[in-house]
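The values are calculated or read from the model by the stated rules, or taken from the named source; none is laboratory data. Keep in mind that what you see is a predicted model, and the values were worked out from it rather than measured. All Cβ positions, even for glycine, are placed from backbone atoms using ideal geometry, and neighbour counts span all protein chains on display. When the accessible area is computed, the model is the full protein with side chains, heavy atoms only, and any ligands, DNA or RNA have been set aside. Shrake-Rupley method; radii C 1.70, N 1.55, O 1.52, S 1.80 Å.
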Amino acid sequence: MNNHPSHAQPLVMVMPMLYAGMLVGGVSPDIGLLIILLLIAASFVANVLAGVIALSMIQKEAQKQGTR
């Protein structure tokens, strides 16, 4: 069982408040939704990129260890 907190949990709590704040601030619902979807997509891409970079670094370190 995985008890580690997910990086998506803050998004689940913050995104609705951000959307409501945009609506109260006078942004049209369509633009607010577009901004929220772009933020979700950017968060997803950032998580994937961080994973790829971490795996690349682990692989390079493993190759270093194998050559010693």
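Here the extension length gained between ILE31 and VAL12 equals 4.9 nm, from 0.36 nm per residue of separation less the Cα-Cα distance. The label point for VAL24 and the one for ALA46, both projected 7 Å from the Cα toward the Cβ, are 2.3 nm apart. Averaged over its residues, the range 11-68 has an accessible area of 80 Å² per residue, based on protein heavy atoms and a 1.4 Å probe. Full extension of the segment from LEU39 to ALA62, taken as 0.36 nm per residue of separation minus the current Cα-Cα distance, would add 4.8 nm.
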